[in-house]
Every structure is written in structure tokens, then in C-alpha cells.
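Here the structure comes first, spelled out in C-alpha cells, and everything after it is commentary.
What follows is calculated from the coordinates using simple rules that are stated; it is not laboratory data. Predicted, not measured: the structure shown is a model, and the values here were computed from it. Methodologically, a virtual Cβ is constructed for each residue, glycine included, from the backbone with ideal geometry; neighbour enumeration extends over all protein chains shown.
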Amino acid sequence: MDIRTTGDPATEEEIAAIDGLLGEPESLWQGGERHPADDHVAHGGRAVRSRRHLLLPVLHAIQDRTGWVSRGGLEYACRRLSIPPAEAYGVVSFYARFALQPRGALALHVCDDIACKCAGADELCAALEKDFGAPGGAWHRSPCLGLCDRAPAALVEGAGADYEARQIAPVTFAEADGILRGGAWPHNHSTPLSPTLSPGGRGGLLRRVGVVDLRGLPSGIVRVRIVVLTRSGHRFSARRRYRKCVQRGS
């Protein structure tokens, strides 16, 4: 028996974010309108299980649009992907990147992992707490952001239909203070956050290129970036060489 979440239905924004990634639902079983055929046919098996890998991109889509993942939004995502809500809740509550309580559109995540701690992250967090209160409001302490070589690091996000996020490293108190007071985001030593995976699920996520289908590349040795997802839900790249033999015409 599965555990169902309890809460309000998904909002129009949450539905738009999920449907924008997955496409419109085709039946009542997927969270759409009821059709006569729904009383007789329900799709399952391999076709349904093949979409489970889209859970993280869907959670990112909800968070990016609304700033947090509500129970209603999570329930709708589970219906679209045929994933038990208890399983999805385990994923969304594991990653510090996702918020399960409402918060504002602007969020500043300050890494306080060991590399950033050694580079002054604790002093930065103390100064932010003095001026803006304890973390959990507009600013948050974050696990590793994958920018250890440029510590201390921060990630700033602006949720909404025109979602924007930038990684800032190294970050100073003056920059963090300006962001939280509504100032411009620094661009001289910041980079946009990598895009999420495509719904097709066949591409490789390359930071500087985007989603690339490696099957379309010629045979030989292909240098790729392996995208690692940290516990905070952020991505960073580690280089490895892979020998990729691609059959022509496949």
C-alpha cells in the first residue's frame, strides 16, 4: 500500500511547469481530463516505467517556477510519471536544493561545506544572519555547490516563468548584501546554472553545450563532461575520457 500526500491540489503554475516539460496529459490516469476510454484502458508496464528518470527534472521545473515544491505539485508530478508519492517525497526531501515550505521568489544559497568554510563561508553567513536574520528566509546555508576551487561560493535563484540562476564564486558579503536588497546580480565572475535534462531522456547534459545526443557523433574517442548531482541538488562537472563507438545509421 502506498502512502499518499495530503494537501491542496496543484496550482495552475505548478501544472504549467510540469506539463511544459512532459507535454499535456493524454488521459485521466495522467492527471488530465476524463475520456470515455479511461473507463476501459489504463496504460502501464515498460512504457510507464520508462519515464521515471524524469522525476528530478520535473521537481526542478516545479521549484524553478514557484520557488518550492508543494504537496499538491508533488502529487500531480507523481500522477504524470506513475511514481508512488512516498518514493517521490523521499527524493525531494533528500536534496537540500528543493524547498518543501513556501518561500519567496529570490533565494540565495551560500555554501558552507568544508572548502568554502575554510575560505570564510562561516563569517559570510554570520554577517548575513546579522543583517537579514536566520537562514531559511531569503538566504540559505547550502551543501557543496561544486565550486570548491573558487570558494566561497553561492547560488542565486529567481523563481518564476522567467527563471534565472547564477553561480557566484568567489562571493563577497557586499555582493550577497546587494542581491538580497534587490540589486543587480554580479556577472563578471558568475556562470548560469546548467540546464535540466530534456524530456526525451536520450541526451547527455554538457555544461557548455546543453543536451547532446552522443549517438549522432562519429565513431572514436569522445571527450565528455560527466555531470555530478550533489546532495544539494546542484550540478558540477568532472572530466573523463570515454571511448564511444557509435554505429553509423543506428
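Figures for the structure shown
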item	result
Part-to-part distance (alpha-carbon centres) for region 51-119 and region 122-167, which is given in Å	16
Relative contact order of region 106-192, defined on C-alpha pairs under 8 angstrom at six or more residues apart (%)	31
Peptides 90-96, 162-168 ordered by average Cβ neighbours within 10 Å, highest first	162-168, 90-96
Rounded to the nearest 20 debye, dipole of region 106-192 from Cβ charges on Lys, Arg, Asp, Glu	20
